Structures are given as structure tokens and as C-alpha cells.
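Participant: Handing you a structure now.
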Amino acid sequence: MNFTSFDNIGLVKVLGFLKSHDKEYLSGQDLSDILKISRVAVWKHIKKIQSLGYKIDSKQKLGYKLVGNTSLLLPWEVKDGLKTKYVANRIYFFDTIDSTQTFASKIANEKEGTVIISNRQTDGRGRTGRRWSSPPGGIWFSVIFHPKFDTSLSTLFPLLAGVAITNAIEKHFKIKPELKWPNDVTIKGKKVAGGLVEASVESNKISSLILGIGINFSIDVSKLEKSLKVTPNFYGITALVDNKVDKIKFIQTLFYELEKEYEKLASGDKHTIIKNWTKKSATIGKRISVMTSAGKIHGIAAKIDDDGALIIRNGKKTHKIIVGDISHSN
Ligand code: BTN
């Protein structure tokens, strides 16, 4: 099953009418007359709406009444109340896909801000070729960007994503998440979200940059934790769980925050991103270790460099880490 934000007009019309009249029953005939579609079409849309998880009470002679919403991140739900200028202006939604990131790379020429969301992924991809477990109900999406800025700034993208995710979490949950270099979001030392940045460069210009974000939102991580324990650098996972938080509102805030942070980078303001990342960092000031091609490096994480790299100090020695998996030792 898949939907986009630019089709399903009939379904969205029927749903919209049910939503705006949710205190009363509407007959198939009423819906057909008002929306100027056949009764068969009304019936088909109602069945489809129900299959998407909306609860519709239907009573003989009275008709249909919407009594419950869906928990799926359907395009028309995400767009309703969205405050961005272009992020998620166009949405592709899948119930199941191999990877939103892989799909995004196939449509990378689409407009700036196009978003691909899936309810579950069968082959979710994490950093450094790792798998990313994406069971139903979590937040798994990719955003297509076409940055006009210099390729050198793209290394700050993971940090930008981390800042946006933590901002959105803080706005909806009573939690202070932290950031682990380069792009993990953690809660009490366990990973709750991660970002994956894949850029396509042509003649030294970024033609497209795809940002994939995975957030363990209301999912049961206990089973996942068992299977992930064997992966290198695993340090525990956790989920955002609060039944009072509306998933649609949360993702709308996240898209808004992503756009805001992206615009900072687009305007060349990398220092604010680095400053905000550092404020929320669980890495800076910590004793850490990192595996590099030259062997394992230990030291104190001193700061984030202008290009997003991590500076480690060990006595008089300074190391600059551009990519890698770090381990916090204290
Ligand atoms: C990481 O921390 O290793 C990055 C994880 C990124 C996962 C997301 S989920 C949506 C998008 N699609 C993918 O296949 N991966 C990213």
C-alpha cells in the first residue's frame, strides 16, 4: 500500500467531510450528493478509510460516523497543520518498503523537501553499512534536499539533523535528549534516533542530498535490543513512549525544525549549528575511544571543528576524526 500527497482526492474529500461532521451520522446518499461522487465510490472510499486504521461507526438507516483516527503517518494527515515552507510539501507514504533512503535515491531529482515515509522497512539502512531495524509504528523517513551551498558544508548535515531531532523531542516530551557524535540521539545514554546522510556530487556541486532519519517512536525495543546486542559498538537502545504525544504533531514539529536548521546552514551559519549541537552533546568533554585505519585512538573529546569533525586531545596530541564510531568511556 502506498499513497502520495498529490493523489487520493476522492478519499481525502470523504474523510474530510466525515472529520468536519464527526458529531453526526452521514448517509451514503448525503455524502454522494454533497461530494458529487457515486454511492459506490462513497462505499469504496469508506472501506479504504477503515483499512487505513480510521474507526468509522456505520449504522443502518443512519450512515457513517468517524469515531477514531489512524496512527499512520498518511500524507494528508502530515500536511494538515504543517508549518514548513517546503519540507514535506510533497510526501510519499508506504506501509512497507525496503528502505525509504533507497527509494529516495531513485527519485532524487524530485523537489526540495520531498519526503518519503514508511510505516516499516524490511531493509532499513544505518551508518557504515549497518542494518537499521524498523518495525511497524516507528518513525522512518527520508528527505530530499538540493543544497546550493558548497559541498564542504554537507559534513555538518548529521549535526543539523541531530539538533532538529532533539529540538522536536524537547517540544513534545518531558525529556532532555543528548547528542552523541556524529549523529546519534540518546536518552539516558541509550540510542533513540539516528540519521544517515547520502549526497550525490556532480562536478563538485551537490546535486542531491538525502537525509534519512529513524526514530524509535512507541516501539517495543526489548526484542530489538536482544538481536542488536551482538553488533559492534552497540551501547543500548531506547524508545520515545508517551501515549499523550500525537505522532502526527511530533513529525510536523520535526519537519519544521529540520527546515529551520537547514536554512541556517544554507545561509552559511555553521557556527550556530555547532554551538547548539555542542550544548546538547553527551560527547564533548568525555573520555572516548575511536577505531581508525591507523588503530584505536583514546582521548578527551575536545570540540567540534568547523566542518563537523570531532577533535580529540590526548596529552599534547590532537586528532581530527572525520568519520567513525566513537565509544564513550565515562
Ligand atoms: C544510524 O544511526 O545508523 C542511521 C540510521 C538511519 C535510519 C533511517 S530510517 C529511514 C531511512 N531509511 C533507511 O534505510 N535508513 C534511514
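Participant: Among the residues of the stretch 121-145, write down those that are under 21 Å from T231 (Cα atoms), in contact with a Leu (Cβ under 7 Å, 6 or more places away or on another chain) and near the ligand (Cβ under 6 Å from one of its atoms).
Facilitator: Listed by number, the residues that qualify are R125, G126, R127.
Participant: Quick check on the stretch 251-269: of everything there that is over 14 Å from the mean Cα position of the chain (by Cα) and of a type in the set (S, T, Y), which residue is surrounded by the fewest Cβ atoms within 10 Å (Cβ to Cβ)?
Facilitator: Out of the qualifying residues, it is S267.
Participant: Name the residue, out of I300, I312, that is among the hydrophobic types (A, V, I, L, M, F, W, C), modelled with pLDDT of 95 or more and surrounded by fewer than 19 Cβ atoms within 10 Å (Cβ to Cβ).
Facilitator: None of the others qualify; the one that does is I300.
Participant: Only one of (1) among the β-branched types (V, I, T); (2) crowded, with 21+ Cβ neighbours inside 10 Å; (3) more than 16 Å from the ligand (Cβ to nearest atom) fails for I175. Which number is that?
Facilitator: (2)
Participant: Looking at D305, D325, which one is charged (D, E, K, R), in contact with a Lys or Arg (Cβ under 9 Å, 6 or more places away or on another chain) and at pLDDT 95 or above?
Facilitator: From the options D305, D325, the qualifying one is D305.
Participant: Okay, next question. Evaluate the stretch 219-233: report whether one residue or more is modelled with pLDDT of 95 or more, closer than 23 Å to Q252 by Cα and either touching a Lys or Arg at 6+ places or on another chain (Cβ under 8 Å) or within 15 Å of the ligand (Cβ to nearest atom) (or both).
Facilitator: no
Participant: Which residues, taken from the stretch 95-120, are within 14 Å of the chain's Cα centre (by Cα), surrounded by fewer than 23 Cβ atoms within 10 Å (Cβ to Cβ) and either part of a helix (DSSP H, G or I) or more than 10 Å from the ligand (Cβ to nearest atom) (or both)?
Facilitator: G113, N119, R120 - these are the residues of the stretch 95-120 that are within 14 Å of the chain's Cα centre (by Cα), surrounded by fewer than 23 Cβ atoms within 10 Å (Cβ to Cβ) and either part of a helix (DSSP H, G or I) or more than 10 Å from the ligand (Cβ to nearest atom) (or both).
Participant: So, one more: Output the residue which, of all residues in the stretch 276-293 that are among the aliphatic types (A, V, I, L, M) and assigned to a loop (DSSP other than H, G, I, E, B), is farthest from the chain's Cα centre (by Cα). Give the steps one after another, and end with the answer.
Facilitator: Initially, the stretch 276-293 is screened for residues among the aliphatic types (A, V, I, L, M), giving 282, 284, 288, 290-291.
Then drop every residue that is not assigned to a loop (DSSP other than H, G, I, E, B), which leaves 282, 284.
Working: A282: 21, I284: 25 Å.
The extreme case among them is I284.
The values are calculated or read from the model by the stated rules, or taken from the named source; none is laboratory data. Keep in mind it's a predicted model, so treat the numbers as computed, not measured. Virtual Cβ from ideal backbone geometry, glycine too; neighbours counted across all protein chains shown.
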